[in-house]
1. Which of (1) outside any helix (DSSP H, G or I); (2) touching a residue at least 24 places away in the same chain (Cβ under 8 Å); (3) open to solvent by 10 Å² or more (accessible area, probe 1.4 Å); (4) farther than 24 Å from residue 278 by Cβ does residue 300 not meet, given it meets every other one?
2. Being surrounded by fewer than 22 Cβ atoms within 10 Å (Cβ to Cβ) and modelled with pLDDT of 90 or more is the requirement here; does residue 41 meet it?
3. Do any residues in segment 83-103 that are closer than 15 Å to residue 62 by Cβ have Cβ atoms under 6 Å from those of residues that are modelled with pLDDT under 85 and aliphatic (A, V, I, L, M), where the two are at least six apart or on different chains, and which pairs are they?
4. Which of the residues that make up segment 72-116 are within 18 Å of residue 251 (Cβ to Cβ) and in contact with a Ser or Thr (Cβ under 6 Å, 6 or more places away or on another chain)?
5. Need the failing condition index for residue 170 against (1) in contact (Cβ under 8 Å) with a residue 12 or more places away in the chain; (2) small (Gly, Ala, Ser); (3) more than 30 Å from residue 293 (Cα to Cα), just the number.
6. Which residues, counting only those in segment 102-130, are closer than 17 Å to residue 180 by Cβ, open to solvent by less than 20 Å² (accessible area, probe 1.4 Å) and at pLDDT 85 or above?
7. Just for segment 133-184: of the residues that are of a type in the set (Phe, Trp, Tyr) and part of a helix (DSSP H, G or I), which one is surrounded by the most Cβ atoms within 10 Å (Cβ to Cβ)?
8. State yes or no: is residue 288 assigned to a strand (DSSP E or B), more than 30 Å from residue 423 (Cα to Cα) and open to solvent by 20 Å² or more (accessible area, probe 1.4 Å)?
Amino acid sequence: MTGRPIIEIEHLSKLYRLGTIGYGSLRTSASAWLARRRGGAVPVPFSGIHPAQAGPRPNTFWALRDFSATVREGEIVGVIGRNGAGKSTLLKLLSRITEPTAGRAVVHGTVGSMLEVGAGFHSELSGRDNIFLSGAILGMKKAEISRRLDEIIGFADIGAFIDTPVKRYSSGMYVRLAFAVTAHLEPDILLIDEVLAVGDAAFQKRCLGRMKDAAAEHGRTVLFVSHNLGAIQRLCERCLLLDRGRLQSAGDPRSMVAEYLSNGAATAIPGQWIDVAVVRREGSGEARFAAVRFGSGNPDAAGHPYSNGPLEIELAIDAERPVSVRSIAIGLRDGAGRRLLNADIGAFGQTVRLPPGRTIVRLRIEHLHLMPGTYGLALWMARYSGEYIGDRDVVDYVEKAMDVEVVDLARPGIRTAIGDTGIVTCEFSVLDISHPQALRDTILTGSI
């Protein structure tokens, strides 16, 4: 059970004026600095402009608007939404990088943030020096930092580069050291933006494990912004879904990810299991699609399906009692809702017996003849296959489980159409373009 409220946000809003730079007052900044030094609550002040009363203004936009939420001590809260939804703005306001236009937030305790690659480090100092600098900013004594120094260096795993100025670091090295510092200097609250995506897969896994341990064993609070929906579902206890600067929904991660994917706000990431158990559906419910994973297996396309390439789909199906079905299918639809393809095992005339528990069904489309773009994935399961299926025979039907992105992958000697003309693609190559003089002379003399 989580503890007391550690972040309290009331009607927090941020208005940006395009092309201008705003400055907070010295008094406000000094008050916040003193509060952090004392280890107490850091208030974010109300500016006097309420977004609900503000009409449209030229050359402005609300990056965050009338946002309210409470985060409790020890919680790991995911924050998701499309690009521009206000996720990073929220973290910048909580970490005091920028001042709000309206509303307030009270943060109890110290904050460690990773919002941008390289933010908070002095480029001319070495990695070792920046560890001590970051600790000092958090209000730690040199002896406390020294006790954790070896652990931080070991976790960052950047070897002899620890004594090299960080301006010579790659983005991956920057992230390794920044996360190691942020996580091991033990702030009360960790604010983590999408920067972890820069690291390799093994390091990302270590970071996620560290965040989980920080909350479970030490009672620290984590706000985790990510487009890695699989990580959000695995790591977080609660999730906030933002849309165009507003809080659209809040709840358990499975429901929020399902809502995010099914309303077309995002495309799923290849190779990750996406929970679809809570997506809106029809059918008897004797068996249900629980999770989906897809991809092309081609690293050159980052695992995405691509025009004229393969598409593999794995379906996790849960049944409470034995069920026999003749039809298990996936379909892809365009933005107008037109079904562009349907891959159904009913075409093989086989009966699939689903025992109690989980069954994994794998389908493979050899050549996906779709133009690059985003398509809605539909899931279908029924007792019988054929031209007519009554409603009573439908076991599970999800009209739109998620969006799947099909990319264009140029391959030697083969191209697909360019632009957005047409629905399907075809592989083609240019056999020859020539201007034979003999044929030209023959045409001109009228011999043919």
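The values are calculated or read from the model by the stated rules, or taken from the named source; none is laboratory data. It should be emphasised that the depicted structure is a prediction, and the values quoted were computed from it without experimental measurement. Every residue, glycine among them, receives a Cβ derived from its backbone with ideal geometry; neighbour counts consider all protein chains shown. These area figures cover heavy atoms from the full protein model, side chains too; ligands, DNA and RNA do not enter into them. Shrake-Rupley method; radii C 1.70, N 1.55, O 1.52, S 1.80 Å.
1. (1)
2. Considered against the rule, which asks whether it is surrounded by fewer than 22 Cβ atoms within 10 Å (Cβ to Cβ) and modelled with pLDDT of 90 or more, residue 41 comes out as no.
3. 100/44; 101/49; 102/49
4. 72, 75
5. (1)
6. 126, 127, 130
7. The qualifying residue surrounded by the most Cβ atoms within 10 Å (Cβ to Cβ) is 179.
8. Yes, satisfied.
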